[in-house]
1. Looking only at residues in the range 70-87 that are of a type in the set (Val, Ile, Thr), out of contact with any Pro (no Cβ under 7 Å at 6 or more places or on another chain) and not in a loop (DSSP other than H, G, I, E, B), which one is nearest to residue 26 (Cα to Cα)?
2. Can you pull out the helices (runs of 4 or more DSSP H) entirely within the range 242-357 that have at least 2 residues that are among the small types (Gly, Ala, Ser)?
3. Do you know which of the residues in the range 145-165 that are within 20 Å of residue 40 (Cα to Cα), at pLDDT 95 or above and out of contact with any helix residue (DSSP H, G or I) (no Cβ under 7 Å at 6 or more places or on another chain) is surrounded by the most Cβ atoms within 10 Å (Cβ to Cβ)?
4. Could you please let me know if residue 132 is buried (at least 19 other Cβ atoms within 10 Å of the Cβ), farther than 24 Å from residue 330 by Cα and among the hydroxyl-bearing types (Ser, Thr, Tyr)?
5. Tell me, please, whether a residue that is assigned to a strand (DSSP E or B) and touching a Phe, Trp or Tyr at 6+ places or on another chain (Cβ under 6 Å) can be found in the range 170-185.
6. (1) farther than 27 Å from residue 264 by Cα; (2) in contact with a Pro (Cβ under 6 Å, 6 or more places away or on another chain); (3) loosely packed, with under 14 Cβ neighbours inside 10 Å; (4) not basic (Lys, Arg): which one isn't true of residue 339, the others all being true?
7. Across the range 184-230, which residue is least open to solvent (accessible area, probe 1.4 Å) among those that are touching a strand residue (DSSP E or B) at 6+ places or on another chain (Cβ under 7 Å) and at positive phi?
8. Can you tell me which residue is least open to solvent (accessible area, probe 1.4 Å) among those in the range 342-361 that are among the polar types (S, T, N, Q) and in contact (Cβ under 8 Å) with a residue 24 or more places away in the chain?
Amino acid sequence: MLMRAAVLAEFHTPMEIREVEIADPGPGEVRVQIKASGICGSDIKAIDGKSPVVKELPFVLGHESAGIVESVGAGVTGVRPGDHVIIAMSGACGRCRNCGAGHFHLCSGPSRLAAIMGTGSGGQLRIPGTRTFIGIGSFAEYAVVNAAMCVKIAKDAPFDAMALLACGVITGVGAVLNVARVTPGSSVLVAGCGGVGLNVVQGAVLAGATTIIAADVAEQKLKLAERFGATHTVLAQDLPAQVGEIVRGGVDYAFDATGVAGVLGQAFAATQPGGTTVMVGSPPQGQRLEIEPGLLFASRRLMGTQGGDAAPLRDLPMLAGQYLRGRLDLDGLITERVPLADVNEAVERVRQGAVARSVIIF
């Protein structure tokens, strides 16, 4: 089948809109007609040659997506043609050691590893001669993915909002609910109020936190954070001092969504003894984190997360339900909707921090 796709042929250059051939779904696979795909910071890292999984070009980027099942391969029973689905970032095998322990986000099964490297469950390229970002490649009209990555949604749920659940929302909300496990009545710092950070704020609201401090270097992002539930905002300079003026002794929980190593150290120092800090954004490979050792003696914890430590079949329907009940604001995250032809211009606006989320609509 021929389709249009945005293909990254060289690093540091705009993607090319090409007509390419996509394979039929193999055993255990599904071909999805993409209806909406968000543009994520991970896609921009890939364009800039900084992604650990995008090394052998060409690549079709895109992973935050939703669409309609077009066809299924042999053995697929969980979805059928016509179903509306979110494409999750991971599809757990259910058989490896980590899956057996309930750590589905750490699945080490062969199909998951093949997906990370941009190939199908059998190791083949789904688009001949071209790899797909973490086994999805949703900057295209269709994607062939492992069936375990498809999570059914209601047919009246809007695709643009549902697409955001797949990455930015589950990463931010999951960091709060699954990783830190924020408790009601607690205090929270969110450093970095881009697409993911705003969803950390929303997660803190869902968890029942009563003091939510949003920090960023851009005033317009702080105004957005207030819309999504932040009770206090600060233009980030010296986070421990600024947070201390609001919550004496520091916050219970801190989340760094910036991916800047120095910010993580400040966020950690802004927690009270016994506090928890979660690294949500990932600093570039090779950078060192600097943490004051004395802070660890007060039982402060530093944690990492991968995609909000999500179990997609459990978490994505829950979040979709929160949206449909008006408890999760997804529409407010979408700054613009653009056609595939305008993907490169939209990427630049995301890079400049001019939008919360830009969504490609097919």
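The values are calculated or read from the model by the stated rules, or taken from the named source; none is laboratory data. Since the model is a prediction, treat every value here as computed from it, not as a measurement. Please note: Cβ atoms are built from the backbone with ideal geometry, for glycine as well, and neighbour counts cover all protein chains shown. Each accessible area value is taken on the protein alone, full model and side chains, heavy atoms only, with ligands, DNA and RNA left out. Shrake-Rupley method; radii C 1.70, N 1.55, O 1.52, S 1.80 Å.
1. 87
2. The helices (runs of 4 or more DSSP H) meeting that bar are 261-269, 312-324.
3. 163
4. Yes.
5. no
6. Every listed condition holds for residue 339 apart from (2).
7. 192
8. 358
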